[in-house]
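The values are calculated or read from the model by the stated rules, or taken from the named source; none is laboratory data. Computed from a prediction, not measured in an experiment: that's the story for all the values here. Don't worry about glycine lacking a Cβ; one is built from the backbone with ideal geometry, like all the others, and counts go over all protein chains shown.
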Amino acid sequence: MTDYSEVLLKPIVIDADTMGQLAEAELDLARIDERISNPPFLSAIRRQLLRLEAISSIIIDGSDVTYTELVALESSLGNTKPIERGPKSLFRRAQKLNMTNAAGSVRAILYMDAIDWISKNVKSHSQLEADVFDQIYSRYNENDIAQAQVKYLQTATSDRLSGAYPVRKQASTHKAASKESYISFLNSNKFTAVAQSEISHAMLEAIGLEQCKEDGYERAFTHIIFYRRGVLTKTVAPLAIGPMIDIEKHANAIYQNMASLAGTDESGATLQYRFEDSIFCTNATVRTMRIVAKALETLYAQWKSTLGLNSTAERKAVGLLLSLFLEYGYLTIDFAAKQMSKSFSTTSAAMQSLVSAGIVQEVGVVDKRRVFCATEVISFFESLLKRLSSGVTTTRDEALERIGSI
């Protein structure tokens, strides 16, 4: 099947139990998205979920990345004068921070930019055009990242930027489908969003377009589907969490669905897709979103209690600074002052209050600016990711190759 718009014409039979689970998984995701879309610190929840999505996506592609280094790099970009967020600039900044493995963090930052663009620009029932490929590719381009990495590996004085990203293998022997046929599928409402995203992975794996050789690029289109279908609105769901927990389950679903797409039966026979694993992935996403929201709520409540803040004080510099630390983890006084629209002296006094209370501590200097860290935030997310990724023993490509030749 080279024209994937044919998928929309063929009958698909799903048993009642699977259909019910698909619908319930999607409804659960919509519910949690709605519930956590209006808290006092939505910005913090949104950014933390965006980081989890980026990190889990990079991990299942085979690159190393830690929460601590990603936050340090991301915060450095905001806490210093603005720089162009391209691969070359990001590698220079990572080198300046003496990061042990910059490759994963640079990729995560750029992947975050792509997902952030989707969340802000793709709305319910948006009519997508072919230029959506370029919009994502301009923000997350593996070729540009790899070239920038090679250049700065050559100039690095140590192995700080080690960990070259594996070259993506294109194993598909299917003929390339046109972008237009995939866009037709993307704009359709035939399936539940959960089922549509699962078929989308198989299509992009088989489509053969140069930019679709990148797994992270494929996953970005899952987000497009969920936003276009109105399941996600303001938050960013860590949809790659499920595959990170069980990459074999994810790879098996892709392989079986690719086999269905490659069917040549012209009789109008039903297409047989595997959706059970997409249910697992969606449920894992929902559980993670609940954990993150609850953790940030709990931390904020503990900090308020430690400082003895009332509702009025929450709206002043100290309360606003607490919310910023939930979002960024690392802050300088300059950056925090700008974010809160407060003076340097007011922000400095608020920061000292948090230091005195043991909530944050000074951890270093970046570009002559003192850096403060809320260590409880960093520790929680490092621990969460360690638990979630403890079962990862292979990359998605390795799993697909082991399953069979595609």
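General observations
- Residue match in region 373-388 (condition: β-branched (V, I, T), over 25 Å from L49 (Cβ atoms) and in contact (Cβ under 8 Å) with a residue 12 or more places away in the chain): no
- Any hit, region 74-86, residues being surrounded by 16 or more Cβ atoms within 10 Å (Cβ to Cβ) and of a type in the set (D, E): yes
- Selection status of I291, surrounded by 17 or more Cβ atoms within 10 Å (Cβ to Cβ) and either touching a Leu at 6+ places or on another chain (Cβ under 9 Å) or in a helix (DSSP H, G or I) (or both): no
- Note on region 159-193: residues that are modelled with pLDDT of 50 or more and part of a loop (DSSP other than H, G, I, E, B) amount to 8.
- Checking each residue in region 213-244 for being over 13 Å from S119 (Cα atoms) and either small (G, A, S) or without any contact (Cβ under 8 Å) to a residue 24 or more places away in the chain (or both) picks out G216, E218, A240, G242.
- Candidate set from region 335-351 (those that are farther than 23 Å from S305 by Cα and surrounded by fewer than 19 Cβ atoms within 10 Å (Cβ to Cβ)); member that is farthest from the chain's Cα centre (by Cα): S345
- Where helices (runs of 4 or more DSSP H) sit wholly within region 43-137, those with at least 2 residues that are in the same structural domain as A284 (by TED's automatic domain parsing), of a type outside the set (A, V, I, L, M) and in contact with a strand residue (DSSP E or B) (Cβ under 6 Å, 6 or more places away or on another chain) occupy 67-79.
- Q196 vs. criteria modelled with pLDDT of 80 or more, under 20 Å from the mean Cα position of the chain (by Cα), polar (S, T, N, Q) and over 20 Å from K120 (Cβ atoms): yes
- S267 at pLDDT below 80 and either in the same structural domain as I247 (by TED's automatic domain parsing) or surrounded by fewer than 21 Cβ atoms within 10 Å (Cβ to Cβ) (or both): yes
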